[in-house]
Amino acid sequence: MIPENLERIREEIVHSAAKAGRSPKDIKLVAVSKRFPVDIILKAFHAGQRLFGENYIQEVTHKREELPPEAKFHFIGHLQSNKAKVAAQSCAMIETVDRLKLAKILNTYLGKSEKKLQILVQVNIGNEPQKSGVLPEDTEELLTQLQVLANLDVRGLMTMPPFETNPELSRPHFSRLRQLLERLKSKGFFKTQENPELSMGMSNDFKVAIEEGATIVRVGTAIFGNRPPL
Ligand SMILES: *Cc1c(COP(=O)(O)O)cnc(C)c1O
């Protein structure tokens, strides 16, 4: 079932990209494997999936040991400062940097290695008090502060908009994140990249997110089914 789900989602990505006049090559699928055991993740790996999303560092370190080295992980959960070092070691990208303190810790740790760490800045696009992410109006200030942290490679923005059952209701949030990215780009941020990343869209709304410019979609349930409880 997992190979068929992946195949269907890849087709839907191609279709949504075409609808928006975009190339499907500009869209990366992160298979959100949080809470699923290694044997399940391997089914996706054997169906060609290489990029996985996790929200607990302990799970990443464990799964990295068990899976082939070609499997790469994006961290998509709230990252505590005391887990930053392990996250920098074990993840290909941290999608959820939302405060200077965390960025500084990541940068300091990496200063001792050769590696440059890819990160995204997580934006709380719906201004929800209970959610992580920098507020849209504070994003430029945070990006300015990140510019001096030489070991961080800031690739773009990520968001998790307010939950909606109707994906059309997420569209204005996706559109606002794209506009924010474009505004920041015109101010000189993300200079080294032709297409800075926009990580937005999950199982129920990734098609709308692609129409609105997503370059990374994070899909869990539609690939793996309902997650086992914590
Ligand atoms: C769990 C999670 C997802 C995947 O959600 P699904 O609805 O299962 O596709 C995507 N992004 C983040 C940040 C998540 O925590």
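The values are calculated or read from the model by the stated rules, or taken from the named source; none is laboratory data. Model, not experiment: these values are computed from the prediction. Here the Cβ positions follow ideal geometry from the backbone for every residue, glycine too, while neighbour counts run over all protein chains shown. Heavy atoms of the whole protein, side chains included, go into the accessibility calculation; ligands, DNA and RNA do not. Shrake-Rupley method; radii C 1.70, N 1.55, O 1.52, S 1.80 Å.
Quick check on the stretch 31-47. Is at least one of its residues surrounded by fewer than 20 Cβ atoms within 10 Å (Cβ to Cβ), touching a Leu at 6+ places or on another chain (Cβ under 8 Å) and touching a residue at least 40 places away in the same chain (Cβ under 8 Å)? Yes. With respect to (1) part of a helix (DSSP H, G or I); (2) touching a Gly at 6+ places or on another chain (Cβ under 7 Å); (3) not acidic (Asp, Glu), the lone exception for LEU169 is condition (2).
Apart from one condition, LEU29 fits all of (1) hydrophobic (A, V, I, L, M, F, W, C); (2) modelled with pLDDT under 95; (3) within 16 Å of the ligand (Cβ to nearest atom); the exception is (2). Going by what's in this entry, would PHE163 be described as without any contact (Cβ under 8 Å) to a residue 60 or more places away in the chain, part of a loop (DSSP other than H, G, I, E, B) and of a type outside the set (Gly, Ala, Ser)? When the stated conditions are applied, PHE163 passes them.
Please give the helices (runs of 4 or more DSSP H) falling wholly within the stretch 1-105 in which 3 or more residues are closer than 26 Å to LEU149 by Cα. Outline the logic, then answer.
Values: elements: 2-19, 38-46, 57-66, 84-90.
Because the criterion is at least 3 residues that are closer than 26 Å to LEU149 by Cα, the helices (runs of 4 or more DSSP H) in the stretch 1-105 that meet it are 57-66, 84-90.
Checking each residue in the stretch 160-169 for being within 17 Å of the chain's Cα centre (by Cα) and either among the β-branched types (Val, Ile, Thr) or open to solvent by less than 70 Å² (accessible area, probe 1.4 Å) (or both) picks out PRO161, PRO162. Taking the numbered list (1) within 19 Å of the chain's Cα centre (by Cα); (2) at pLDDT 95 or above; (3) surrounded by fewer than 22 Cβ atoms within 10 Å (Cβ to Cβ) in turn, PHE190 passes all entries but (2). If you go through the stretch 193-230 and pick out every residue that is surrounded by fewer than 23 Cβ atoms within 10 Å (Cβ to Cβ), within 9 Å of the ligand (Cβ to nearest atom) and charged (D, E, K, R), you end up with 1. The set of residues in the stretch 143-160 that are in a loop (DSSP other than H, G, I, E, B) and under 21 Å from HIS78 (Cα atoms) comprises LEU149, ASN151, MET160.
Among the residues of the stretch 123-142, the ones that are surrounded by 20 or more Cβ atoms within 10 Å (Cβ to Cβ), among the hydrophobic types (A, V, I, L, M, F, W, C) and part of a loop (DSSP other than H, G, I, E, B) come to 1 in all. Can you spot a residue in the stretch 52-60 that is among the acidic types (Asp, Glu) and either loosely packed, with under 15 Cβ neighbours inside 10 Å or in contact with a strand residue (DSSP E or B) (Cβ under 7 Å, 6 or more places away or on another chain) (or both)? Within the stretch 52-60, one or more residues are among the acidic types (Asp, Glu) and either loosely packed, with under 15 Cβ neighbours inside 10 Å or in contact with a strand residue (DSSP E or B) (Cβ under 7 Å, 6 or more places away or on another chain) (or both). Given the criterion at pLDDT 95 or above and open to solvent by 40 Å² or more (accessible area, probe 1.4 Å), identify the matching residue among LYS116, LYS101. After applying the criteria, what remains is LYS101.
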